[in-house]
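Nothing in this text is a laboratory measurement; each read-out follows from the coordinates by a stated rule. Bear in mind the structure is a predicted one, so any value in this text is a computation, not a measurement. So basically every Cβ, Gly included, is an ideal-geometry build from the backbone, and we count neighbours across all protein chains shown.
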Amino acid sequence: MSFLLTPEFWIALSQIILINIVLSGDNAVVIAMASRSLPPAQQKKAILFGSVGAIVLRVVLTFFAVYLLTLPYLKLVGAALLLWIGIGLMKSDDDEENLAGHSSLAAAIKTIVVADLVMSLDNVIGVAAAAKGNVALLVFGLVISIPLIIFGSTLILKLMGRFPVIITLGAGLLGWVAGEMAMTDPAIAGWAANQHALHNAVPALGAVTVVAVGKWLTSRQQPATANQAAA
């Protein structure tokens, strides 16, 4: 445990914490959006269990990050999955089924963990670099990020109740992140490096796609819900 007394350890730990503060914003959005339709008691459970599960997966993923992110097409698949998650979160889900208890809680936790896993493909590289191969430092730094994500999720969840537009902005953010992820895939990195305009255009297209498709599906869902209620 003598490494705890070295300034290098605390400098690296500070770097990891700072990286997690910066990168926890989009994760907090996912957690808040996935749990927004649950009863208050279940919201707290979804935030807690979803955050812990996401951090555990992030720790595991970080150990393999350098290798995983050299595989072609992995980021493209992750970007497509993130678009799908963003569109799903945009859909209106105020019906009674989504408030039914354990099944909804489990679904929210699953969405949180899967979304964080996908988004962490880019995030963990910075954390792994800051840890410089020190496993204890890596795990310690990531564990510290749990309260950061939980606090951010709780704050965003409260704001969503007062300002519903945050839901749309959050879904758009997921689309933007998906576009950025796709443009950095090793399979197209050589070509994409020379396509400077696309580095903003593709993320913007991802954001617009998520919001537009999500709103379209919501508009189709509302008449069906009204017909069910009338029946």
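Take 169-175, 215-221, 44-50 and order them by the average number of nearby Cβ atoms within 10 Å per residue, most first; the result is 169-175, 44-50, 215-221. Using a cut-off of 28 Å between Cα atoms, the listed pairs LYS44/LYS75; LYS45/LYS75; LYS158/LYS215 include LYS44/LYS75; LYS45/LYS75 as exceeding that distance.
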